[in-house]
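Structure, as structure tokens:
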Amino acid sequence: MIRFDKISKVYNDGTEALKNVSLTIPDEQLVVIIGPSGCGKTTLMKMINRLETPTSGEVYVDGKAVSSLDPVELRKTIGYVIQRIGLFPHMTIEKNASLVPNLKGWSKEKTAKRIRELMVMVGLDPKQYLVKYPLELSGGQQQRIGVVRALAGNPEIVLMDEPFSALDPISREQLQMETKSLQEKIKKTIVFVTHDMDEALKIADRIVVMKSGEIEQIGTPSELIENP
Ligand code: ADP
Ligand code: ADP
């Protein structure tokens with residue numbers, strides 16, 4: 001469980017990005033945080049893996065205060081997928097996907113098996129693709145590898161920040177559906193940031209609507225459709 005307790009964030013230039021936000025994200029749910037550009041979604045999400053720190057308040061992951069955890073250790077347990085995934089171009093897909101398992105000291109066999117399972121789940125033939133380099137793949141395929149890389153170390157939590165925004169509509173739709181079915185299979189907690197309500201309604205168990213640094217509404221997709 002992830003719990004935000006009275007989080008405020010004021011950046012050095014005086015921008016008030018979050019105003020006293022409290023929110024609980026239960027385990028094994030796909031929670032979408034939605035709202036217009038600049039409303040604080042990314043700032044809130046980055047507090048989970050300590051890429052940002054609150055000005056006041058505390059974030060708890062499984063009851064532990066994030067401010068008391070070592071950021072490097074924390075990030076081994078939290079997968080992260082962003083818009084332009086930034087695979088290392090000089091490394092094969094297999095090497096890229098093995099980064100966190102290697103940091104965790106997994107055996108070669110365990111890592112190879114896990115990565116092959118994930119490749120199949122995202123619809124890429126391991127034999128064909130693991131030996132390739134990122135630039136030999138399409139944008140949609142690279143984002144799929146981003147998802148494989150984020151899940152490779154078997155994290156409990158996966159953060160996804162506008163992961164499919166740069167893709168064409170067809171790849172985007174496919175990846176939305178795949179994310180949903182992947183989440184149903186692996187039962188991880190996924191926190192997904194987007195500004196696209198259609199996307200949120202398609203994939204979310206719960207939707208958190210933000211506006212100007214505050215939470216405006218929380219509900220299931222059907223609750224939000226009934227009470228827009
Ligand atoms: P969103 O993800 O909803 O687009 P952000 O969390 O990125 O919103 O940003 C929230 C607000 O904080 C915006 O006004 C943004 O310009 C500002 N902001 C984000 N990061 C910084 C930063 N490092 N320094 C100053 N202001 C920032
Ligand atoms: P994204 O929307 O993909 O997260 P941004 O362009 O919003 O990328 O932000 C890129 C980086 O700049 C982030 O680290 C963010 O925190 C920071 N940033 C965003 N807005 C501001 C701002 N108004 N002033 C200073 N830094 C900012």
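May I ask you to list the residues in the stretch 81-109 that are among the polar types (S, T, N, Q), surrounded by 16 or more Cβ atoms within 10 Å (Cβ to Cβ) and farther than 21 Å from D125 by Cα? Even if it seems obvious, please write down each step before you answer.
Start the filter on the stretch 81-109 by keeping residues that are among the polar types (S, T, N, Q), which leaves 83, 92, 96, 98, 102, 107.
This time we only want the ones that are surrounded by 16 or more Cβ atoms within 10 Å (Cβ to Cβ), so: 83, 92, 96, 98.
Of everything in the stretch 81-109, just one residue is among the polar types (S, T, N, Q), surrounded by 16 or more Cβ atoms within 10 Å (Cβ to Cβ) and farther than 21 Å from D125 by Cα, namely Q83.
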Practice prompt. Identify all residues within the stretch 29-51 that are more than 13 Å from the chain's Cα centre (by Cα) and either closer than 14 Å to V208 by Cα or more than 13 Å from ligand 2 (Cβ to nearest atom) (or both); write none if there are none.
Written response: I34, G35, P36, C39, G40, R50
Fill in: Filter result for R149 (touching a strand residue (DSSP E or B) at 6+ places or on another chain (Cβ under 9 Å), modelled with pLDDT under 95, away from ligand 2 (no atom under 15 Å from the Cβ) and not aliphatic (A, V, I, L, M))
yes
Practice prompt. For residues that are closer than 18 Å to L124 by Cα and not in a loop (DSSP other than H, G, I, E, B), tally how many sit in the stretch 139-189.
Written response: 30
Worksheet entry | Of all residues in the stretch 148-193 being within 9 Å of the chain's Cα centre (by Cα) and among the charged types (D, E, K, R), the one that is nearest to E28 (Cα to Cα) | D161
Worksheet item: What strands (runs of 3 or more DSSP E) completely inside the stretch 1-96 contain at least 2 residues that are basic (K, R) and away from ligand 1 (no atom under 15 Å from the Cβ)?
Response: 2-10
Item to complete: List every residue pair whose Cβ atoms sit under 6 Å apart, with the two residues 6 or more apart in sequence or on different chains, where the first one lies in the stretch 73-101 and is of a type in the set (S, T, Y) and the second, anywhere, is within 16 Å of ligand 1 (Cβ to nearest atom).
Response: Y80/L159
Discussion item. Among the residues in the stretch 57-65, are any more than 17 Å from K6 (Cβ to Cβ), aliphatic (A, V, I, L, M) and without any contact (Cβ under 8 Å) to a residue 12 or more places away in the chain?
Written reply: no
Fill in: Failed criterion for N12 (all others in (1) away from ligand 2 (no atom under 11 Å from the Cβ); (2) at negative phi; (3) out of contact with any strand residue (DSSP E or B) (no Cβ under 6 Å at 6 or more places or on another chain) hold)
(1)
Practice prompt. Would you check if there is a residue in the stretch 58-71 being more than 30 Å from Y133 (Cα to Cα) and touching an Asp or Glu at 6+ places or on another chain (Cβ under 6 Å)?
Written response: yes
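The values are calculated or read from the model by the stated rules, or taken from the named source; none is laboratory data. Quick caveat, the model's predicted, so the values are computed rather than measured. In this analysis, Cβ positions are derived from the backbone assuming ideal geometry, glycine residues included, and neighbour counts consider all displayed protein chains.
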